[in-house]
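Below is one structure, written out as structure tokens; comments come after it.
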Amino acid sequence: MSKSLEGHAILVTGASGGIGAAIVERLAAEGARPIIHYGRDREGAEALLARVGGHGWIVQADLSTEQGPFGLWRGAVAAAGRVHGLVNNAGIRTEISVEASPEDWKAAWQKEFQINFFAAADLSKEAIVHFKAHGGGRIVSIASRAGQRGYAAEAMPYGASKAALINLTKSIARSFGAEGVTAVAIAPGWVRTDMAEDFIAAHGKAAAVADIPIGEMASPSEVAELVAFVLRPSQASLNGATLDVNGGSYIR
Ligand code: NAD
């Protein structure tokens, strides 16, 4: 029996990070050829490509710049030719207080939205045009529980940028499904990666897991397994869904 993602070229942004690397490994295990995007960690991206047997590509881009996402899409198409899927995974979580100066406050909101939302919107735009011309494709965006239930005082830009990502997913699902382009958002609570470690270092583990009924953060592989499942061609009807991966800490 052939693997569920056999021959599919799938761009994963922020692929050298905790969740991104797990997604790449899982996609490769299911037969996909990952397009590994990285911002700064070239060595990490090369090691990841080696771990999946060299069956994929590496593309660099700084998503904090206006042209970065467009350059990334061009690089992905130049490498793979036909691209079948896009995983908007790259993201940052900045802490900024309402007591901050207006300059620092503006800079934090702008950077958060550029990387977490505008880059994903730009990549989705390019992907939709490509998918429409080549028989379809799927966009999976890693949002967050923070975008569903509102977020902490010290990181409001993060929650707002993730809420925007969920809304973008719904618009794509409603607008382009008829042309074979489908979109799904995944909304994890805390996942054990550097992003979570930074939070734990500042606030302690108890603060992270206190409101999670199962008492634990998700593992990157749990999220990766779900991403691979969502990308299966057989899962077209998930179009527009937001899938919660939060241990029961936000039930709607
Ligand atoms: P991570 O910090 O390990 O990885 C983030 C990735 O984004 C890295 O590969 C990094 O290089 C990339 N990135 C950041 N800024 C970039 C830039 N300017 N240009 C290019 N790439 C850039 O974090 P993670 O936990 O693996 O997060 C992956 C995604 O999952 C993020 O969107 C995050 O918001 C989301 N998420 C994480 C958690 C969690 O608890 N870890 C929970 C919910 C959602």
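The values are calculated or read from the model by the stated rules, or taken from the named source; none is laboratory data. Just so we're clear, the structure is a prediction, and the values are computed from it rather than from any experiment. Quick reminder, even Gly has a Cβ in these numbers, built from the backbone with ideal geometry, and neighbours come from all protein chains shown. SASA here: full protein model, heavy atoms, side chains in, ligands and nucleic acids out. Shrake-Rupley method; radii C 1.70, N 1.55, O 1.52, S 1.80 Å.
The table below lists the values:
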| read-out | value |
| --- | --- |
| Chain lengthening between residue 100 and residue 3 when straightened (0.36 nm per residue, less Cα-Cα) | 29.8 nm |
| Selection from 52, 16, 175, by position along the positive dipole direction of the chain (Cβ) | 175 |
| Normalised contact order of the range 9-245, rounded percent, pairs of Cα under 8 Å and 6 or more residues apart | 20 percent |
| Charged-residue dipole, Cβ positions (Lys, Arg, Asp, Glu), the chain about Cα centre, Debye nearest 20 | 880 debye |
| Net length gained if the chain between residue 152 and residue 43 were fully extended (0.36 nm per residue, minus Cα distance) | 35.8 nm |
| The range 9-245, accessible area per residue, ligands and nucleic acids excluded (1.4 Å, Å²) | 43 Å² |
| Packing rank of 55-66, 151-162, where each peptide gets the mean count of other beta carbons within 10 Å, highest leading | 151-162, 55-66 |
| Degrees between helix 220-231 axis and first principal axis of the chain (Cα, 0 to 90, nearest 10) | 40 degrees |
| Ranked by how many other beta carbons lie within 10 Å on average, peptides 15-26, 211-222 from highest | 15-26, 211-222 |
| Equivalent ellipsoid, the range 121-252 (semi-axes from 5 times Cα gyration tensor eigenvalues, Å) | 30, 15, 12 |
| Lys/Arg +1, Asp/Glu -1 at C-beta; the chain dipole; positive extreme among 157, 139, 61 | 139 |
| Surface share of carbon and sulfur [accessible, 1.4 angstrom probe, percent] for the range 9-245 | 52 percent |
| For q = 0.08, 0.17 Å⁻¹, Debye-computed log10 I/I(0) when each Cα of the range 9-245 counts as one equal scatterer | -0.27, -1.29 |
